[in-house]
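Peer 1: Can you keep this structure in mind? I'll have questions shortly.
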Amino acid sequence: MNEATGKTLLVFGGSGLVGMEVLRQALANPAVRQVVAPTRRPLPVSVSHYAHLLNPQVDFDALPAAADWWRADATLCALGTTLKQAGSKDGFRKVDRDYVAAVARQTLAAGTRTFVLNSSLGASPRSGSFYLRVKGEIEKDLQAMDFRSLTLVRPSLLDGGPRQDDRPGEVFGLLLSRGLKPIIPKRYRAIKTRDVAAAMLQAALMAPVGQQVIESSAIPRQR
């Protein structure tokens, strides 16, 4: 694509905390010509009114392989759920690994070779934590694919305001993190959702060749 016309970005997980912030920043960025955000249900009016946003409704169990919107300059993926929302470990793995892998394969097949994933601090396929193990498994899946540019962003606890779903453990963690911030290593401090989204968007637009991991402590903090 001609750089003068701007970039076309695919954003998955746009209805979530990080994904919605990625959408807001991408839609406001003059370097972005179009944003395609496939979701199960229509996005809220707060973002859907943008003329350069395409919001196709999709079934993630049967993604439309023939859709022409798969071809873009970069894909940003913030798909994810919780064990409580998923209802089981199999349900969690289905969203956080299987859906992400399916999206990645489709984008590659369409010729989109830049991929940015919102992962998690501590992600490892050898982790004793089921959550972090699944995050590590999908990272490994993506690293085995033929992306020209792959960026894995690993934020710590997200600080992005109230969620639609109830997460008392996360609320407690945020309060603890804020109160003990001076003595908590930067790696483990809560991070603003806007900072995670900004790091993802920059990686998508810059598309550095090869594979890179951006740990939470390396994500630039906005004042």
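Peer 1: Do we find a residue being touching an Asp or Glu at 6+ places or on another chain (Cβ under 9 Å), aliphatic (A, V, I, L, M) and surrounded by 17 or more Cβ atoms within 10 Å (Cβ to Cβ) anywhere in the stretch 74-85? Working first, answer last.
Peer 2: Step one: of the stretch 74-85, the residues touching an Asp or Glu at 6+ places or on another chain (Cβ under 9 Å) are 78-82, 84-85.
From what's left, aliphatic (A, V, I, L, M): 78-79.
Subsequent filtering for residues that are surrounded by 17 or more Cβ atoms within 10 Å (Cβ to Cβ) retains 78-79.
For the stretch 74-85, residues touching an Asp or Glu at 6+ places or on another chain (Cβ under 9 Å), aliphatic (A, V, I, L, M) and surrounded by 17 or more Cβ atoms within 10 Å (Cβ to Cβ): present.
Peer 1: Please count how many residues of the stretch 39-73 are part of a loop (DSSP other than H, G, I, E, B) and either farther than 19 Å from V116 by Cβ or open to solvent by less than 70 Å² (accessible area, probe 1.4 Å) (or both).
Peer 2: First, pick out the residues of the stretch 39-73 that are part of a loop (DSSP other than H, G, I, E, B): 40-44, 49-52, 55-56, 58-67, 71-73.
Filter once more, keeping what is either farther than 19 Å from V116 by Cβ or open to solvent by less than 70 Å² (accessible area, probe 1.4 Å) (or both): 40-44, 49-52, 55-56, 58-67, 72-73.
Adding up the residues that qualify gives 23.
Peer 1: Closer than 23 Å to T5 by Cβ and not charged (D, E, K, R): which single residue out of V116, V100 fits that description? So that I can check it myself, show each step before the final result.
Peer 2: Values: V100 fails: closer than 23 Å to T5 by Cβ.
Among V116, V100, only V116 is closer than 23 Å to T5 by Cβ and not charged (D, E, K, R).
Peer 1: OK, next. Could you say whether any residue in the stretch 118-136 is assigned to a helix (DSSP H, G or I), crowded, with 20+ Cβ neighbours inside 10 Å and touching a residue at least 60 places away in the same chain (Cβ under 8 Å)?
Peer 2: no
Peer 1: May I pose another question? Could you check the stretch 83-112 and list, in sequence order, the residues that are over 23 Å from R24 (Cα atoms) and in a loop (DSSP other than H, G, I, E, B)?
Peer 2: Correct list: G87, S88, A110, G111.
The values are calculated or read from the model by the stated rules, or taken from the named source; none is laboratory data. Model, not experiment: these values are computed from the prediction. Don't worry about glycine lacking a Cβ; one is built from the backbone with ideal geometry, like all the others, and counts go over all protein chains shown. Surface areas here come from the heavy atoms of the whole protein model, side chains and all, with no ligands, DNA or RNA. Shrake-Rupley method; radii C 1.70, N 1.55, O 1.52, S 1.80 Å.
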